[in-house]
Number of protein chains: 2
Amino acid sequence: MESLHYLLMKSHSLMQKCIFSQAQKIGLTSGQPKILDYLYEHEGSDQKTIASYCEIEPATLVSILLRMEQKGLIERRQKEGNRRSLFVYMTEKGRNSAEQIHMFFDQYDKEAEKNMTESEVNELKRLLTVVCENLNRKEK
Amino acid sequence: MESLHYLLMKSHSLMQKCIFSQAQKIGLTSGQPKILDYLYEHEGSDQKTIASYCEIEPATLVSILLRMEQKGLIERRQKEGNRRSLFVYMTEKGRNSAEQIHMFFDQYDKEAEKNMTESEVNELKRLLTVVCENLNRKEK
DNA sequence: GTTGTATAATTAGAATACTAATTATACGAA
DNA sequence: TTCGTATAATTAGTATTCTAATTATACAAC
């Protein structure tokens with residue numbers, strides 16, 4: 001049986017490739033789907049929060065958002081009384097893309113979960129959550 | 001509960017960060033550990049095979065190997081009667097790094113598997129293998 | 001109020017990753 | 001033998017990712 005770290009790398013890599021193959025059909029680059037998927041349910045978040053959830057550095061997010069802004073997918077706005085943070089909103093075009101991306105993620109999750117019972121899927125997710133907690137504690 | 005694609009991304013990302021934090025202490029960059037870990041048990045593979053196992057494109061491997069060759073970690077050699085493929089071997093220095101990297105992977109796998117029984121770990125690996133098979137079939 | 005510290009975003013520079021196109025080699029069929 | 005196709009590695013160009021350093025803002029303590 002393969003090692004855990006290899007299986008994590010491989011399963012993530014395959015999922016990433018599946019999503020990207022669909023995302024590029026609607027004109028998105030590889031870094032954009034996860035951002036749109038987050039904004040789909042958390043529009044108006046500040047950049048630090050988005051970066052943290054997406055497991056990328058704030059500096060990385062800057063360059064992705066810049067491209068998304070140029071492509072007309074998002075807008076960044078300040079809020080009254082806070083000139084330090086920037087809050088990210090989708091345009092109409094961005095929302096359309098986000099809806100499609102959300103569907104793609106959902107569809108490939110279902111694909112990945114084939115040949116498993118519902119309780120196996122739940123067990124897989126539970127154990128992956130334990131893995132995340134274990135490594136998060138160790139990362140400090 | 002989080003979605004499967006998010007848990008795969010997060011668990012892989014945390015593992016990657018753990019490994020890289022150790023790898024950089026011994027002078028490695030982020031793309032090198034997985035190559036060395038593969039060579040540890042498969043020295044003498046050609047580039048196409050390495051790239052395939054590591055889930056990266058051959059073109060990406062070229063730039064990683066170039067840097068590893070310059071740092072004196074590996075050598076690439078031709079074999080009698082095949083001037084098309086290049087086969088990758090570790091130097092003494094490369095082998096030392098590979099041994100340490102192999103230990104790091106092992107150590108973080110154990111860390112990730114804490115708070116699980118042995119049968120839970122096996123079940124996790126089995127289900128991840130199913131995920132890989134499902135997505136591999138869909139990727140075509 | 002001024003000063004010091006903390007926080008959010010950005011910039012610069014290097015490494016990794018992709019695709020598409022190119023070069024070189026191998027090999028089967030006409 | 002030569003021609004066409006397939007394969008392995010590389011190059012070029014773009015996007016993502018990181019760290020370290022910088023800029024701008026916020027806020028607490030004096």
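Every number in this text was worked out from the coordinates using simple rules, so none of it is lab data. Only a predicted model underlies this, so the values are computations on that prediction, with no experimental measurement involved. Ideal geometry is used to build each Cβ from the backbone, glycine not excepted, and the neighbour counts take in all protein chains shown.
Report yes if some residue within the stretch A:44-60 is among the polar types (S, T, N, Q) and over 19 Å from the mean Cα position of the chain (by Cα); otherwise report no.
No, the stretch A:44-60 has no match at all.
If you check every pair at least six apart or on different chains, which have Cβ atoms under 9 Å apart with a residue in the stretch A:1-20 that is facing chain B (nearest Cβ under 7 Å) first and a residue that is among the β-branched types (Val, Ile, Thr) and outside any helix (DSSP H, G or I) second?
Partner pairs satisfying both residue conditions: A:Ser13/B:Ile56.
Would you point out the residue of the stretch B:21-43, among those that are surrounded by fewer than 17 Cβ atoms within 10 Å (Cβ to Cβ) and under 13 Å from B:Arg95 (Cα atoms), that is farthest from the chain's Cα centre (by Cα)?
The qualifying residue farthest from the chain's Cα centre (by Cα) is B:Ile26.
From (1) more than 12 Å from DNA strand C (Cβ to nearest atom); (2) more than 14 Å from every other protein chain (Cβ to nearest Cβ), pick out the condition that doesn't hold for B:Thr29.
(1)
It is to be established whether one or more residues within the stretch B:45-64 are touching a strand residue (DSSP E or B) at 6+ places or on another chain (Cβ under 7 Å), within 14 Å of chain A (Cβ to nearest Cβ) and crowded, with 17+ Cβ neighbours inside 10 Å. Give the derivation first.
First pass over the stretch B:45-64, keeping only residues touching a strand residue (DSSP E or B) at 6+ places or on another chain (Cβ under 7 Å): B:45-47, B:50.
From what's left, within 14 Å of chain A (Cβ to nearest Cβ): B:50.
After this cut, where a residue has to be crowded, with 17+ Cβ neighbours inside 10 Å as well, the list is B:50.
The answer is yes; a qualifying residue exists.
Has the stretch B:3-15 got any residue that is more than 12 Å from DNA strand D (Cβ to nearest atom), of a type in the set (S, T, N, Q) and part of a loop (DSSP other than H, G, I, E, B)?
Yes, some residue in the stretch B:3-15 is more than 12 Å from DNA strand D (Cβ to nearest atom), of a type in the set (S, T, N, Q) and part of a loop (DSSP other than H, G, I, E, B).
Pick from A:Arg126, A:Arg67, A:Arg137: which is within 16 Å of DNA strand C (Cβ to nearest atom) and either of a type outside the set (Ser, Thr, Tyr) or outside any helix (DSSP H, G or I) (or both)?
Step by step, each of A:Arg126, A:Arg67, A:Arg137 is checked, and only A:Arg67 is within 16 Å of DNA strand C (Cβ to nearest atom) and either of a type outside the set (Ser, Thr, Tyr) or outside any helix (DSSP H, G or I) (or both).
Give the stretch B:38-55 a look and list any residue that's farther than 22 Å from B:Asp106 by Cβ and either near DNA strand C (Cβ under 9 Å from one of its atoms) or β-branched (Val, Ile, Thr) (or both), or say none.
Correct list: B:Thr49, B:Ala51.
Restricting to the stretch B:49-105, and then to whatever is more than 23 Å from A:Met9 (Cα to Cα) and among the basic types (Lys, Arg), can you tell me which residue is nearest to DNA strand D (Cβ to nearest atom)?
Among them, the one singled out is B:Arg84.
Need pairs with beta-carbon distance below 7 Å; first residue more than 7 Å from chain B (Cβ to nearest Cβ) and within the stretch A:121-139, second surrounded by 15 or more Cβ atoms within 10 Å (Cβ to Cβ) and assigned to a helix (DSSP H, G or I); sequence gap 6+ or separate chains.
So the pair list comes out empty.
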